[in-house]
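To start, the structure under review is shown below, and the notes come after it.
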Amino acid sequence: MKGRKILLVNPWIHDFAAYDLWAKPLGLLYIGSVLRRNGCEVSYMDCLRAPHPHMETKAPKITDQGHGKYYRQIIKKPDRLRDIKRNYSRYGISIEAFEHDLLSAVRPDAVLVTSLMTYWYPGVFEAISCIKEVFAGIPVILGGIYATLCTDHARRYSGADYVVAGEGEQQILSLFEELWGNPATWVPDLANLDNLDYPCYDLIDDLKYVCIQTSRGCPFNCTYCASRFLSPCLRRRDPFKVVDEIAWWNRTREVVDFAFYDDALLCQSDTFALPMMKEIVKRRLDIRFHCPNGLHIRSITKEAASFMKECGFSTIRLGLETSDPLRQEMSGGKVVNEDFLRCMENLCEAGFSSTDIGVYILCGLPGQRAQEVLDAVNLVKSVQARPMITEYSPIPHTKDYEDALRTSPYNISQEPLYQNNSFLSCRWEGLTLEDYRRIKNAARAKP
């Protein structure tokens, strides 16, 4: 395996809308570090890169905190989405720019392609097609969330030579041993996440932010979320080693903005989040933290809120999802309305402005009525926070997915495109597209 040349590829997004909210292919970059530890020469190409020297269009605007728009080209919609009256786009660099990058690269021994949303697979397939055209005969390995949630679909249609489902750090080493006959000299212990080297962000030239994963898995098992399927048990890193990594990227690459990728960052905070935040304060790191995944409301105590403010939390997103007590209980029991009100009080007392706090509300769950969503919007606005409507996507291997199969007019089990959250695939007479527009307007309206 030593000396093998491995190309990592982050593919395009094909969708009705997309935005870079601190998005990096963290799993792929972790695998890159594992391969380098085994003596491989690793390179990286990002179809979502901006700016790109071979793009003729103006580079998209990126904020000073690192998030922003992608390059965008309107393309033909897949036939199965032809009735959706919205523009469909390729987000990322042009095909010509990607082909230029491929043709300029040293011929690799293998190409690893990642994937994210299940319904983004057309962009993944397009990238694989380009790679195979330039590097004929070179094995292409597909992994990531789509490959894990829709494995049969990926193996049947993606064009990849191999599909890796689940965590890839160990599987890719076994696959390469089968391909080339050379066993790995080092295999990571995935029960101990501190055993992994830092993700290979050094391969990214213009590193505006770093995504940090302090754990894998989640103690909750919410009916709409696939976290338990993707990572069945909660594993945490050492909080002080997490701070070491943050300090490393801040010192070596002058990174100021960090986004947490955890599903359970603040859960069991006494043993993890609080020691981590206290250490950040102790080291006087002048940085900002962003939480696009949503924080568990019940875990934001007065003490936690105070240290969040002191150590530099900037983007606060809370996972309320619904204000309906029955659905809260039936969907996993992670929060009740009293928890939310107490959390808001704690954050405001710590110095956060309520208007800077975004609260996720799910819209379009199987059987959900419009009034339930509006009630949640009104609860959030009653404390001057910002309601953020999150359109429901039917995710395979979740409990709500089974309900979606029964209620959706679309064949979501056979066609992942119908799992797209952009057109409410589980809408019904109790929550129509007109209701959805009314909900969006209510969420945008000033208190």
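Test THR355 against the criterion of being touching a residue at least 12 places away in the same chain (Cβ under 8 Å), surrounded by fewer than 18 Cβ atoms within 10 Å (Cβ to Cβ) and either of a type in the set (S, T, N, Q) or not assigned by TED's automatic domain parsing to the domain that holds GLY332 (or both), and give yes or no.
Details: touching a residue at least 12 places away in the same chain (Cβ under 8 Å): yes; surrounded by fewer than 18 Cβ atoms within 10 Å (Cβ to Cβ): yes; either of a type in the set (S, T, N, Q) or not assigned by TED's automatic domain parsing to the domain that holds GLY332 (or both): yes.
Against the criterion (touching a residue at least 12 places away in the same chain (Cβ under 8 Å), surrounded by fewer than 18 Cβ atoms within 10 Å (Cβ to Cβ) and either of a type in the set (S, T, N, Q) or not assigned by TED's automatic domain parsing to the domain that holds GLY332 (or both)), THR355 qualifies.
Exactly one condition in (1) assigned by TED's automatic domain parsing to the domain that holds LEU116; (2) in contact (Cβ under 8 Å) with a residue 60 or more places away in the chain is not met by PRO188; state its number.
(1)
Checking the conditions here, which among VAL335, VAL373 is at pLDDT 95 or above, closer than 26 Å to GLU310 by Cβ and buried (at least 17 other Cβ atoms within 10 Å of the Cβ)?
When all the criteria are applied, what remains is VAL335.
Name the residue that is modelled with the lowest pLDDT, counting only residues in the stretch 408-428 that are assigned to a helix (DSSP H, G or I) and surrounded by 17 or more Cβ atoms within 10 Å (Cβ to Cβ). Before the answer, list the steps.
Residues of the stretch 408-428 that are assigned to a helix (DSSP H, G or I), as a first pass: 416-419, 421-423.
Right, trim to surrounded by 17 or more Cβ atoms within 10 Å (Cβ to Cβ) and you get 416-419, 421, 423.
On the way: PRO416: 98, LEU417: 98, TYR418: 97, GLN419: 97, ASN421: 94, PHE423: 87.
In this case the residue turns out to be PHE423.
Could you run through the stretch 141-162 and say how many residues are β-branched (Val, Ile, Thr) and either surrounded by fewer than 22 Cβ atoms within 10 Å (Cβ to Cβ) or more than 23 Å from the chain's Cα centre (by Cα) (or both)? Please lay out each step first, then the result.
Keep residues of the stretch 141-162 that are β-branched (Val, Ile, Thr), which gives 141, 145, 148, 151.
If we keep only those that are either surrounded by fewer than 22 Cβ atoms within 10 Å (Cβ to Cβ) or more than 23 Å from the chain's Cα centre (by Cα) (or both) too, we end up with 145, 151.
Residues that pass the stated criteria total 2.
Name the strands (runs of 3 or more DSSP E) wholly inside the stretch 1-83 in which the number of residues that are out of contact with any Ser or Thr (no Cβ under 9 Å at 6 or more places or on another chain) and within 19 Å of ILE131 (Cα to Cα) is 1 or more. Walk me through how you get there before you give the answer.
Details: elements: 5-10, 13-15, 41-46, 72-75.
Those strands (runs of 3 or more DSSP E) span 41-46.
Condition first: closer than 19 Å to TYR146 by Cβ and free of Cβ contacts under 8 Å to residues at least 60 places away in the same chain. Now tell me which residues in the stretch 24-48 satisfy that.
LEU48
With the structure loaded, tell me whether SER269 is closer than 26 Å to ASP46 by Cα and either touching an Asp or Glu at 6+ places or on another chain (Cβ under 9 Å) or basic (Lys, Arg) (or both) or whether it fails that test. Give the derivation first.
Details: closer than 26 Å to ASP46 by Cα: no; either touching an Asp or Glu at 6+ places or on another chain (Cβ under 9 Å) or basic (Lys, Arg) (or both): yes.
When the stated conditions are applied, SER269 does not pass them.
Name every residue in the stretch 225-252 that is among the basic types (Lys, Arg) and either in a strand (DSSP E or B) or loosely packed, with under 15 Cβ neighbours inside 10 Å (or both), in order of residue number. Break it down stepwise before answering.
So in the stretch 225-252, the residues among the basic types (Lys, Arg) come out as 228, 235-237, 241, 251.
If the condition is that a residue be among the basic types (Lys, Arg) and either in a strand (DSSP E or B) or loosely packed, with under 15 Cβ neighbours inside 10 Å (or both), then ARG235, ARG236, LYS241, ARG251 are the ones that fit.
The values are calculated or read from the model by the stated rules, or taken from the named source; none is laboratory data. Only a predicted model underlies this, so the values are computations on that prediction, with no experimental measurement involved. All Cβ positions, even for glycine, are placed from backbone atoms using ideal geometry, and neighbour counts span all protein chains on display.
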